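The values are calculated or read from the model by the stated rules, or taken from the named source; none is laboratory data. Just so we're clear, the structure is a prediction, and the values are computed from it rather than from any experiment. Using ideal geometry, Cβ is built from the backbone for each residue, glycine included, and neighbour counts are taken over all protein chains shown. Ligands, DNA and RNA are excluded from the accessible area calculation, which covers all protein heavy atoms including side chains. Shrake-Rupley method; radii C 1.70, N 1.55, O 1.52, S 1.80 Å.
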Amino acid sequence: MDACRQFAEVERWIDGEAAEAAGIERHVAGCAACAKHAAFLRQTRTAVAAVATRHHISDAQFPAFMEGLRVEIERPQRSWRGLWALGSLVSAALVAAIALYSLVKPAPVPVEAKTEVELFSTQIEGATTKVDYSDDGVATIWINVPEGDMW
Amino acid sequence: MSLMGLTVLIAALTADPNQASAPVTLSYTAVQATNEGHGERRFERGLEKVQKALEGLDFDTFTRVASGSESVDIGDEARFPIDDHYALTMSPISKSEDGRVRVRSRITVTRDGKSRDALDTTQAMVPGKLMNLGGLPMGKGELVVVLSVGK
């Protein structure tokens, strides 16, 4: 783009701040670069003004506006990404639940369990055996060998 | 987390520490029990851990002969020599859901190259609880073997 030393003055003229407005206007009419620059500045002002335009919602429209917001906020988001996230969440919860269970589950040995003698025998002829259980749960298998003779 | 990783993690967390394949610690203390006429029970130093199991027996003097422990898998056996004549063999058979361990225990006696089962027993033992096998002649007293399985 061609440049002109009068660009700054042209910008002030577009903004309505030029001291010699009539002189700048004549210059722009005869200078292609300044005319192009002035056109660009006017387009920019128009665009900025359009963005800055505020739409006003009347009191009558306000309930419908809020209902529209609510509907959009509460609309379920169906997407594969959401399903994967949900699956990961369920898996994490499952692992956490199992870990917690394994930590807090009671020990398998019951408090009331007692030692129980199921079978007992001897190859010593004439010997007799018996089983006793003490009050504190100690089991004793006792063999009586006749006169201490095992052979 | 991959499905395989999740599966491995769940399997690790839900693994039962008392599963049947876990080794079992078997312990024994062999004691010579005699009556010396002390009027009070005397326990040789080193018998503190099994004293409670011996207190109900009709002897006043308890002398340590041998002791030991070994961890073995279910189905295997541990052999403990007691003295020149007696030996103890223990074999964990299975673990029950209540935490007890079924153990076969045999005291064999050997003389002049001949061996026989002086006492052959099977019992469901509570881990940490004591039990006695006794009555076999030993010197001027009798042999008492205190058994336990590890918690």
Enter the mean number of other protein chain beta carbons within 10 Å of the beta carbon of each residue in B:129-140, as an integer. 6
What distance in nm lies between label points placed 7 Å from Cα along the C-beta direction at A:PHE65 and A:ALA19? 4.7
Per-residue ³J(HN,Hα) for segment B:33-38, Karplus 6.51 cos²θ - 1.76 cosθ + 1.60, θ = phi - 60°, Hz, x for Gly and Pro: 9, 9, 10, 9, x, 6
At what distance in nm do the modelled label points of A:SER58 and A:ARG75 sit from each other, each positioned 7 Å from its Cα along Cα→Cβ? 2.6
Mind telling me which of B:ARG79, B:ARG45, B:ARG64 comes out most flexible in a GNM of chain B, alpha-carbon contacts under 10 Å? B:ARG45
Exercise: per-residue mean of other protein chain Cβ atoms within 10 Å, A:129-139: 5
Between B:LYS140 and B:GLU44, Cβ-based FRET efficiency (R0 25 Å, step 0.05) works out to 0.95
With charges set only on the Cβ (+1 for Lys and Arg, -1 for Asp and Glu), what does the dipole of the protein assembly as shown come to about its Cα centre, in debye to the nearest 20? 1340
Solvent-accessible area of B:VAL24, probe 1.4 Å, all protein chains present, reported in Å² to the nearest ten, please. 10
For chain A, return all DSSP H helices satisfying: extent of Cα atoms along own axis at least 15 Å; mean Kyte-Doolittle hydropathy at least -0.5. A:32-51, A:62-74, A:80-104
Find which of B:PRO92, B:SER105, A:VAL90 sits farthest along the positive direction of the dipole of the protein assembly as shown, computed with +1 on the beta-carbon of Lys and Arg, -1 on that of Asp and Glu, about the Cα centre. A:VAL90
Work out the count of Lys pairs in the protein assembly as shown where the Cα-Cα distance is under 23 Å, with the pair 8 or more places apart or on different chains. 22
For segment A:1-46 and segment B:97-135, what is the separation of their Cα centres, given in Å? 112
So how strong a dipole does chain A carry about its Cα centre when Lys and Arg Cβ are +1 and Asp and Glu Cβ are -1, to the nearest 20 debye? 1760
Residue-normalised accessible area of segment A:2-57, expressed per residue, 1.4 Å probe, Å²: 76
For segment B:3-149, the dipole about the Cα centre with charges only on Cβ (Lys and Arg +1, Asp and Glu -1), to the nearest 20 debye, works out at 40
Helix B:3-14 versus the longest principal axis of chain B: what is the Cα-based angle in degrees, 0 to 90, to the nearest 10? 20
Helix-only [θ]222 nm of chain B, DSSP H runs n ≥ 4, -39500 (n - 2.57) each, per residue, nearest 500: -3000 deg cm²/dmol
How much mean residue ellipticity at 222 nm does chain A get from its helices, if each DSSP H run of length 4 or more adds -39500 (n - 2.57) and you divide by all residues, to the nearest 500 deg cm²/dmol? -16500 deg cm²/dmol
I'd like the distance between the alpha-carbon centres of segment B:71-93 and segment A:122-138, rounded to an integer number of Å. 19
Largest first, how would A:HIS37, A:HIS27, B:HIS85 line up by accessible area (1.4 Å probe)? B:HIS85, A:HIS27, A:HIS37
Averaged over every viewing direction, what's the projected area of the C-alpha convex hull for segment B:3-149? Give it in nm², one decimal, please. 10.8
Provide the solvent-accessible area of B:ASP83, counting protein heavy atoms only and rolling a 1.4 Å probe, rounded to the nearest 10 Å². 60
